[in-house]
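All remarks here apply to the structure that follows.
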Amino acid sequence: MRFSPQAAVAGLIFWLAPACVCAQQLHCDPCSHNFGKVQIGTSSSYSIQLSNTGSKPLRIASKSEKGSAYSFGKVTLPVKLQPGASIQLPVIFTPAAKGYASGIFTLTSNDPNSPLNMHVQGTGFYPSDPKLEVTPSALVFGDVTVGSTASLQATLTASNDAVTISSDQATNPEFAVLGLNLPATIQPGQSVQFTIQFTPTASGAASGKTEFVSSAGNSPAVERLTGTGVAQVSHSVGLSWDPGSGNPAGYNVYRGNAYAGPFQMINTALDASTNYTDDTVVSGATYYYVTTQVDANGQESGYSNEVSAVIPSS
């Protein structure tokens, strides 16, 4: 039986075209880029990775750009790419006017699907436009125990004119912004402080950023955030002692934070054994322990000799 590459549905015919596997294939990563807000009179550069994902050598023959604010960086054409090889294509945004500008970078090659178009966009702003700066631009929290919280402070400063902050958008829920009641307006030359809290929910490195969207020309101002969640380490102190004379009904265990006390009883009921485990200790602390003996009439002896335990900090 012979099958025809077509199917009829409700009187309509759809031709099923086979997928094209090209011997040469030019791939861009990414194929679009947003430069964000760039000050007029300055430039911002970005590199796009070009790869030959085909099975035969690829020749990139020529390049062109559309958009007066955009240009290629240093790249020499023609260039040949072997299968699996890649190069970096630098592209530059140099705004000459205020406002949004888009552009297209085009490459021609022996890829059957040539040309390849890469779309870019960006916004130019004047130095005299209202500006919002966040300092420091990055906060590093280091190691923080999972489930606990660490806090660091940063500052937002307005210049040239008053700036109204409308939102703070965190990209990672493990980081939270505190101390800003939005919307908030900062007068030129003035600053406000805020706090970033890091509360890791799992072990491992965490990263994110908070974007402060505002009326400033360079909006959003970005605070980059990194930290590492570390598993909580549980410590305990094991105590044992020799039984006293007579026929004791049990023992009490006392703990203090300094040599010779004062001491507080930490067992919730009379301990009938001569062993006790204190699992309420805190990392990095030093504790001092004594015990007492209690007879059948409830009479309690004096303190035993004193021992100390130093708890590791991690």
- Message: Just to be sure before I move on: is A206 free of Cβ contacts under 8 Å to residues at least 24 places away in the same chain, surrounded by 14 or more Cβ atoms within 10 Å (Cβ to Cβ) and not in a loop (DSSP other than H, G, I, E, B) in the structure I sent?
- Response: no
- Quick check: anything in the range 181-194 modelled with pLDDT of 95 or more, outside the structural domain of K98 (by TED's automatic domain parsing) and in contact with a Lys or Arg (Cβ under 9 Å, 6 or more places away or on another chain)? no
- Note on the structure: In the set N172, N257, N218, the lone residue that is crowded, with 17+ Cβ neighbours inside 10 Å, of a type in the set (S, T, N, Q), touching a residue at least 12 places away in the same chain (Cβ under 8 Å) and on the phi < 0 side of the Ramachandran plot is N218
- Message: Tell me yes or no: at least one residue of the range 7-25 is at pLDDT 50 or above and either touching a helix residue (DSSP H, G or I) at 6+ places or on another chain (Cβ under 9 Å) or assigned to a strand (DSSP E or B) (or both).
- Response: no
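Each row is one residue, and each column tells you yes or no for (1) farther than 30 Å from A154 by Cα; (2) touching a residue at least 12 places away in the same chain (Cβ under 8 Å); (3) not hydroxyl-bearing (S, T, Y).
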residue: T195; (1), (2), (3): no, yes, no
residue: A202; (1), (2), (3): no, yes, yes
residue: V213; (1), (2), (3): no, yes, yes
residue: H235; (1), (2), (3): yes, yes, yes
residue: V253; (1), (2), (3): yes, yes, yes
- Screening G238, G189 for residues that are in a strand (DSSP E or B), of a type outside the set (K, R) and over 16 Å from the mean Cα position of the chain (by Cα) leaves only G238
- Of all residues in the range 287-313 being more than 55 Å from the chain's Cα centre (by Cα) and not in a strand (DSSP E or B), which is surrounded by the most Cβ atoms within 10 Å (Cβ to Cβ)? S301
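The values are calculated or read from the model by the stated rules, or taken from the named source; none is laboratory data. Owing to the predicted nature of the structure, the values given are computational and were not obtained by experimental measurement. Every residue, glycine among them, receives a Cβ derived from its backbone with ideal geometry; neighbour counts consider all protein chains shown.
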